[in-house]
1. Which pairs turn up if I take residues in the stretch B:50-79 that are within 8 Å of chain A (Cβ to nearest Cβ) and over 16 Å from residue A:104 (Cβ atoms) and look for partners that are surrounded by 14 or more Cβ atoms within 10 Å (Cβ to Cβ) and aromatic (Phe, Trp, Tyr) with beta carbon separation below 9 Å, at least 6 apart in sequence or on another chain?
2. What are the pairs, 6+ residues apart or on separate chains, where a residue within the stretch B:96-107 that is more than 10 Å from residue A:97 (Cβ to Cβ) has its Cβ under 7 Å from a residue that is part of a helix (DSSP H, G or I)?
3. Evaluate the following for residue A:130: is it within 8 Å of chain B (Cβ to nearest Cβ) and under 18 Å from the mean Cα position of the chain (by Cα)?
4. If the requirement is being in contact with a helix residue (DSSP H, G or I) (Cβ under 9 Å, 6 or more places away or on another chain) and modelled with pLDDT of 95 or more, which of these qualifies: A:21, A:55, A:34?
5. Among the candidates A:6, A:15, which residue alone is touching a residue at least 24 places away in the same chain (Cβ under 8 Å), within 13 Å of DNA strand D (Cβ to nearest atom) and farther than 25 Å from residue B:124 by Cβ?
6. What's the number of the condition residue B:107 fails, among (1) of a type in the set (Ser, Thr, Tyr); (2) within 23 Å of residue A:57 (Cα to Cα); (3) more than 8 Å from chain A (Cβ to nearest Cβ)?
7. Of the conditions (1) facing chain B (nearest Cβ under 9 Å); (2) under 30 Å from residue B:48 (Cβ atoms); (3) of a type in the set (Gly, Ala, Ser), residue A:114 clears all except one; give me its number.
8. Provide a single number: the residues in the stretch A:49-65 that are closer than 18 Å to residue A:10 by Cα and either outside the structural domain of residue A:14 (by TED's automatic domain parsing) or within 11 Å of DNA strand D (Cβ to nearest atom) (or both).
2 protein chains.
Amino acid sequence: MKPLSIGQVADRGGIGVETVRFYERQGLIEEPPRSKSGYREYPEIIVSRIRFIRRAKELGFTLKEIKELLSLRLDPATTCADMKSRAETKIADIEARIRSLRKMKDSLVKLTAACNDRVTANECPILEALDQEP
Amino acid sequence: MKPLSIGQVADRGGIGVETVRFYERQGLIEEPPRSKSGYREYPEIIVSRIRFIRRAKELGFTLKEIKELLSLRLDPATTCADMKSRAETKIADIEARIRSLRKMKDSLVKLTAACNDRVTANECPILEALDQEP
DNA sequence: CTACACCCTGTACCATACTACAGAGTCAAG
DNA sequence: CTTGACTCTGTAGTATGGTACAGGGTGTAG
């Protein structure tokens, strides 16, 4: 089991070398031991750690939240219920963002529909709407 | 029609004084004339300009996009169809973001459902999923 | 032995949309 | 005339998630 260089870790994790160092600075991955010349020497396990980070990012977690998830994972007192609760909070969060985006979309759809009604007129309903009183 | 001070403009527009200056630096509002002591003196119309910015932001446009909308508005060659096309691009954009969020949500919902199935087990399906191979 | 890829630290930079000063000048009320 | 609120410029900081050097040292293949 030879230790991995930072470049090998980056490749296997599907991220950049700079990003690995960035995650280290952010406390998402711990500082690995160094070779006598100062090179970082990673155990294989770090790759799954990076995969964890990537998957969690895909699920909408921020790096700050992922840091918490990672420390939860290491804590033997963490229960499945703890993780579930985090996931549920994030679900609520995502739902709120979806609702907000849907509101934007609905307004825009209404405005473009109004455009269709008066293709010939010079005044544009979109510009008019944007000038409305609060 | 007395000119408005930057503070009055900020109050009426519902934004901060620093933000008014920031918008000026960003080219979203033009530089107003100055009093003999160097104070900015705004015409009333600037307030609707700021309202325009605020409403467009609420619709999901970035400041950069809003800057374009504002210059389109001033250009007499701009047609309602131009505005409609911008709005449609933004709608597509918002829909993509909604789809992406929904994907995240679905994955999280599945994971929390898996949690329910094995409340007694020690291993957590969420942590397991995050450790999966790419 | 030389070339070239890789690694090191530290710092600065990208976009986004502000926000917060410092240090100075101005305006209006009492 | 003083006091306090307001304004000025310019710069720097906030959060987010990286990316890009510069200017060195290291490791290995031919």
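The values are calculated or read from the model by the stated rules, or taken from the named source; none is laboratory data. Note that the structure is a prediction, hence the values are computed from the model and not measured. Using ideal geometry, Cβ is built from the backbone for each residue, glycine included, and neighbour counts are taken over all protein chains shown.
1. Short answer, once both residue conditions are applied: B:73/B:52.
2. Going by the 7 Å Cβ cut-off, the qualifying pairs are B:102/A:98.
3. So residue A:130 does not fit the description; no.
4. A:21
5. A:6
6. Against the list (1) of a type in the set (Ser, Thr, Tyr); (2) within 23 Å of residue A:57 (Cα to Cα); (3) more than 8 Å from chain A (Cβ to nearest Cβ), residue B:107 comes up short only on (3).
7. Tallying (1) facing chain B (nearest Cβ under 9 Å); (2) under 30 Å from residue B:48 (Cβ atoms); (3) of a type in the set (Gly, Ala, Ser), residue A:114 fails exactly one: (1).
8. Total satisfying the criteria: 7.
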